[in-house]
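The values are calculated or read from the model by the stated rules, or taken from the named source; none is laboratory data. This structure is a prediction, so every number in the text was calculated from the model and none was measured. Quick reminder, even Gly has a Cβ in these numbers, built from the backbone with ideal geometry, and neighbours come from all protein chains shown.
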Amino acid sequence: MATRSVTTSARPETLFLWLCQLRRAPYSYDWIDNLGRRSPREPDAGLRALEVGQQFMTIFTLTDFVPDESIIVEMNPGWPQRAFGAIRLQYRIDRVAEESSRLSAIMWMPPIGRLLNRQRRYALAWGDLIMMRKQLLVLRGLAEQRNSSKAQ
């Protein structure tokens with residue numbers, strides 16, 4: 001299991017709105033994850049209408065959610081699982097103080113048996129550190145920007 005977190009002044013409902021945007025783009029390094037297309041910078045409120053089975057970030061499927069609190073996605077079968085393994089991700093929002101929240105991404109990577117697969121899993125965890133950190137920072141920035149524009 002690997003956990004990445006950022007603290008933010010954005011409200012949980014605003015963070016959750018941006019987590020729902022993962023249905024249409026990865027919000028990480030777009031030149032790698034999104035074929036060079038920039039992830040949208042304006043949220044689509046209609047994406048908050050979540051249902052189990054919806055696609056997230058192209059290679060994940062929504063398996064569970066609690067509005068304004070968490071989203072759980074699992075790697076799609078087929079080539080995504082062959083390339084990355086049967087990964088499960090939980091994005092969780094926790095209130096840590098009156099004016100701040102923590103946005104966390106928790107990744108479960110099941111054990112893989114053979115030596116080369118263990119090395120691939122190790123490399124994936126380190127690569128994910130860079131990619132997930134960027135994703136959380138982008139989502140935090142967009143949520144805080146939305147918070148400040150609503151406050152004005």
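Take the residues in segment 53-66 that are out of contact with any Phe, Trp or Tyr (no Cβ under 7 Å at 6 or more places or on another chain), touching a residue at least 12 places away in the same chain (Cβ under 8 Å) and not polar (S, T, N, Q); name whichever of them is surrounded by the fewest Cβ atoms within 10 Å (Cβ to Cβ).
Selected residue: Asp64.
If you go through segment 71-101 one residue at a time, how many are farther than 18 Å from Glu144 by Cα and of a type outside the set (A, V, I, L, M)?
12
I'd like the full set of residues that are out of contact with any helix residue (DSSP H, G or I) (no Cβ under 7 Å at 6 or more places or on another chain), part of a loop (DSSP other than H, G, I, E, B) and either small (Gly, Ala, Ser) or modelled with pLDDT under 95 (or both), limited to segment 50-74.
Hits for segment 50-74 are Gly53, Thr58.
Please determine, by comparing only the residues of segment 89-110 that are assigned to a strand (DSSP E or B), surrounded by fewer than 17 Cβ atoms within 10 Å (Cβ to Cβ) and free of Cβ contacts under 8 Å to residues at least 40 places away in the same chain, which one is nearest to the chain's Cα centre (by Cα).
Asp94
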